[in-house]
Amino acid sequence: DTEVTQTPKHLVMGMTNKKSLKCEQHMGHRAMYWYKQKAKKPPELMFVYSYEKLSINESVPSRFSPECPNSSLLNLHLHALQPEDSALYLCASSQVLAGVSKNIQYFGAGTRLSVL
Amino acid sequence: EDKVVQSPLSLVVHEGDTVTLNCSYEVTNFRSLLWYKQEKKAPTFLFMLTSSGIEKKSGRLSSILDKKELFSILNITATQTGDSAVYLCAVDYAQGGSEKLVFGKGTKLTVNP
């Protein structure tokens, strides 16, 4: 089973709203990732969590706030977004072996976000 | 500058044709190169390559890595309409004690009946 589940599938929000994206995996992976993908572009890394600790923040604006409450869950809290933040948000996970990731990342189907 | 460059960016073929997709990269602390297929949403994993000259094969798809010349190719033989997708090449490398995956822009493959 290589399933990563993301909810919701679609989200429309106003610029003053607060919403959260959720990602779940039950593969025992200890590294989890958030990516942003604009139309006709490749995924761009936003955040990496390793053993539930934030290890990489790719200079993402503070209106995006990640959270890893346990080894199976990854959230992305959204607040005061801009229309240019509209994109497909992908979550991924991978194994971590002896501190070095076996970096086959398995992706969820994504949340398509529209900011009005 | 782009660390991972794919070519061609777009390709249209007929069913039964064989295609070769290219990926070149330039990173320090290279760990592996991965190929993904993206149709509507989630990129799905195809291959991970870490050693030069060893072909990975899965059905009609195969891939090989050249670490000296810093490139990889993905071959698809006897293409089918279901192969239509964007094929993404990604390189896993270490930077500043962390590990990152950087993607190329992808090759959009269209297979016509």
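Only the coordinates and a few stated rules stand behind these numbers; no lab work does. Please read these numbers as outputs of a predicted model, since none were measured by experiment. Ideal geometry is used to build each Cβ from the backbone, glycine not excepted, and the neighbour counts take in all protein chains shown.
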(message) Restricting to Cα pairs below 8 Å that are 6+ residues apart, what does the relative contact order work out to for chain B? Please round to a whole percent.
(response) 37
(message) Cut-off 16 Å, label point 7 angstrom out along Cα-to-Cβ of A:M27: give me the residues of the stretch B:76-113 whose amide nitrogen falls inside.
(response) B:90, B:92, B:101
(request) Report the calculated FRET efficiency for A:A39 and B:T77 (r = Cβ-Cβ distance, R0 = 30 Å), to the nearest 0.05. (result) 0.50
(request) Mind telling me which of B:D66, B:D92, B:D17 comes out most flexible in a GNM of chain B, alpha-carbon contacts under 10 Å? (result) B:D17
(request) Choose one answer from B:V12, B:V91, B:V102: the residue with the largest mean-square fluctuation in a GNM of chain B with alpha-carbon springs under 10 Å. (result) B:V12
(request) Over the stretch A:13-101, calculate the relative contact order: mean separation of alpha carbon pairs under 8 Å at least 6 apart, over the residue count, as a percent. (result) 40
(request) Count charges around A:M13 for me, please; just the other residues with Cβ under 13 Å from its Cβ, Lys/Arg as +1, Asp/Glu as -1. (result) +3
(message) Just to be sure I follow the definition: excluding the sites themselves, where is the longest run in chain B that has none of the trypsin sites (Lys or Arg not before Pro) in a DSSP loop with at most 13 other Cβ atoms within 10 Å?
(response) B:69-113
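DSSP loop (so not H, G, I, E, B), at most 10 other Cβ within 10 Å: list which GluC sites (Glu not before Pro) in the stretch A:1-97 pass both filters.
Within the stretch A:1-97, no GluC sites (Glu not before Pro) qualify (loop, at most 10 other Cβ atoms within 10 Å).
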(message) Set the bar at 30 Å for Cα to Cα. Now go through A:K19/B:K41; A:K18/B:K3; B:K57/B:K100; B:K56/B:K108; A:K9/A:K53; A:K36/B:K108 and name every pair that lies beyond it.
(response) A:K18/B:K3
